[in-house]
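Report on the structure given below.
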Amino acid sequence: MDKLISIEQAVAKVQNGATVMFGGFMANGTAEGVVDALVARNVQNLTIICNDSGYIDRGVGKLIVNKQCVKLITSHIGLNKETGRQMTAGELEVVLTPQGTLVEQIRAGGYGLGGVLTRTGIGTLVAEGKQTVDVDGVIYLLEKPLRADFAILGGSKVDKAGNITYKGSTNNFNNIMATAADVVIVEAEELLEIGEIDPNVVITPGIFIDYIVQK
């Protein structure tokens, strides 16, 4: 199967109302080309799941500034003042989740688990409305799995089978998000032939990847 498509073909698959995961943190490891194409296409009513909301002019923050999102599930919004403004004004629903909890919710969604038990958030606003579980006298929050219609990844080196390696911290959430979406698209910083990546350094196996676009 030829997985290589254009960025325009990739974003055409993302329809209004879709739930989309974006890898990266502070735009590091984020598929900027795909984000820009989604902004240009002006896809609306998106729910996005990401580690943070980027900057006003970098990463997923561009989608927020362009008012394409109705809901954001994330662990951090402090670098994008427009996210805070929209949240305060009631223009954007923001679900703030501790970072470790967020990644475990995505892992649960990808691995077919029923949820995650965590002490993080007990006694705070995070716990409001959530189910608790008593394990040997200790109370835990049940955090439910997260999945998405699409996962948009940023890969440092990607071969034509979709095998991915990441440079340094660019892995940010990318690898785990690859398991938790119906359609997975990776934007390759460097596209290689099959066999050019040492199997021992592959982080995300190509079996998880549906489509590849070039940066």
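Assorted remarks:
- Entry remark, the range 51-60: residues being open to solvent by less than 40 Å² (accessible area, probe 1.4 Å), under 15 Å from residue 154 (Cβ atoms) and of a type outside the set (A, V, I, L, M, F, W, C) number 4 in total.
- Condition check for residue 7: open to solvent by less than 40 Å² (accessible area, probe 1.4 Å), farther than 24 Å from residue 105 by Cα and in contact with a helix residue (DSSP H, G or I) (Cβ under 6 Å, 6 or more places away or on another chain): yes
- Filter result for residue 17 (outside any loop (DSSP other than H, G, I, E, B) and out of contact with any helix residue (DSSP H, G or I) (no Cβ under 9 Å at 6 or more places or on another chain)): no
- If the condition is being open to solvent by less than 10 Å² (accessible area, probe 1.4 Å) and farther than 10 Å from residue 174 by Cα, then the range 32-50 contributes 34, 35, 38, 43, 46, 48, 49.
- Some residue of the range 63-81 being within 16 Å of residue 147 (Cβ to Cβ), in contact (Cβ under 8 Å) with a residue 60 or more places away in the chain and crowded, with 23+ Cβ neighbours inside 10 Å: no
- Given (1) in contact with a strand residue (DSSP E or B) (Cβ under 8 Å, 6 or more places away or on another chain); (2) over 18 Å from residue 207 (Cα atoms); (3) outside any helix (DSSP H, G or I); (4) hydrophobic (A, V, I, L, M, F, W, C), index of the condition residue 150 fails: (2)
The values are calculated or read from the model by the stated rules, or taken from the named source; none is laboratory data. As the structure is a computational prediction, the values presented were derived from the model and not from experiment. Cβ: placed from backbone, ideal geometry, glycine included. Neighbour counts: every protein chain shown. The protein model used for the area step is the full one, side chains on, heavy atoms only, and it has no ligands, DNA or RNA in it. Shrake-Rupley method; radii C 1.70, N 1.55, O 1.52, S 1.80 Å.
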